[in-house]
Amino acid sequence: MALGLLSFVNRHKNKLFIATGLSIAGAYMTYDFISGKISEWGDNMAEERIGIENLRRRFEQNQIDAYGTTVALLPSLTDPIIEEFPVEDITRELQAKRGTRSISTSGTPSSSDILPATNGAAVFKVSEGKSKIQLWNDLKLQSITRIFVLIYSSALLLFLTRLQLNIIGRTGYVTSVVNIADQKNNKYKQPDTAAEQPSDGPINLDSIWAEEFEREITDTIIDEEELATNRMYLTFSWWLLNKGRILLKERVEKAVAKVFEPINPRTELSLLNFVELIDKVRFIIENKPNTDSDDTERTTPYSYLENLLPPSTLEHFVLKQIPKLTFDQGNNDDEQVEITPTLRTMLDETADFIESPIGTSTMKDLVSRGISIFVDSITAIHFKEELENQEIKVEELTESSKSSAQTIKLASLLATITRQAHRFSESDLDNIGEANSYIDLMNDSQELQGFGAVVYSNWN
């Protein structure tokens, strides 16, 4: 048998050598192919990891920028609102009618308690000839309406700014990815000199991403057309600051009047009573009748679109609020600024997000956070002892505890309500945590963070 095997090998020696050589070559090629694939997979994973990290850094920086922009714009929104409600003038007139005595001796606060300190003389214009009862009713409605308008308008400003900057930031991110891809290709294909031939090793993607990120943060370079489009788009926040807040004011006034008009300022309220009244006002503001149904009691969520964006017929009016230096389209005052296709797409996307379920839910959460600060302030001053004794939260108050709960006159709450309104006018950035506690808590909303992520990742 051994001789037969040796004879077979001798007869087919050449074929066996060729087969063996081919097998070794095939094994080497297979090893080389697998090694290349593993290296390619490793490079792709590293590139993906670095890309995700770059996206995270850009997204976080974008949220910080949105917060800073909101804080900067806040006085332009809140200061006019505070001035539009003559709460302080009404208080001064009540003080004048009572002389130097307290307005009431049965739990009603004095005017000095309600009226913030001022350096000017009292001015009585809005309520001349009215009785004390009428003045107290005006004070009740206007002070409550003002705090609601401030909370809702601040939430809208934060929401809109976050939405706008995330849409712009996403565009900038896509541009940077294209730049990085070009830079990567140039590293391979276009060496500057013969000595700068591309190496066999992988490109340092970490360095490329870091350089691109640093360049955009410190010295953002975009073409003039994109810059002009972004400025035009951001100009639409003018609508909320100047017109949208007025529409919001009218809506809030109707809701507050419907709920609080029947309530006498001397009415005793428990914390539960007060929270229930606030919830009723919120429901009227945040919902509208369902016109598609015959059931008049059915409602649909209010989207705030009319407060955040102008109707299409007024878009050019808003764009004219931009200084002429923003455009390179001539100096004719009557010239109509063009709504470019890019700008049209950005505005349509903004409207879609405002009316989307996630947009409505985010706005509701922002308002809830603002209302919680307001209620906590009222509780800390007027109902703290009751909550400490019962050791329960406001949400846990029930009808069984309603009869024995601590009560206080609505008039006595007006002083705290008035002081809360003036917290919105404090815009000292050196003391940002204290001056903007309402905005701070709203900005920490997880729903707002998630909303920003959805906008930033909407690559359509």
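The values are calculated or read from the model by the stated rules, or taken from the named source; none is laboratory data. Quantities reported herein were computed from a predicted structural model and do not represent experimental measurements. Note that we place each Cβ from the backbone using ideal geometry, even for glycine, and neighbour counts take in every protein chain shown. Side chains are part of the model used for accessible areas, which takes the heavy atoms of the whole protein and leaves out ligands, DNA and RNA. Shrake-Rupley method; radii C 1.70, N 1.55, O 1.52, S 1.80 Å.
What to note about this one:
- Residue by residue, region 250-263 carries 3J(HN,Hα) couplings of 5, 5, 5, 4, 5, 5, 5, 4, 5, 8, 9, 4, x, 8 Hz when phi is fed to the Karplus relation 6.51 cos²θ - 1.76 cosθ + 1.60 (θ = phi - 60°); x denotes Gly or Pro.
- In terms of distances greater than 25 angstrom between alpha carbons, the cross-link table entries Lys249/Lys288; Lys288/Lys364; Lys97/Lys249; Lys130/Lys409; Lys130/Lys254; Lys249/Lys280 yield Lys97/Lys249.
- Over region 232-321, accessible surface divided per residue gives 51 Å², non-protein components excluded, 1.4 Å probe.
- Local electrostatic count, Leu410, Cβ distance below 10 Å [Lys/Arg +1, Asp/Glu -1]: +2
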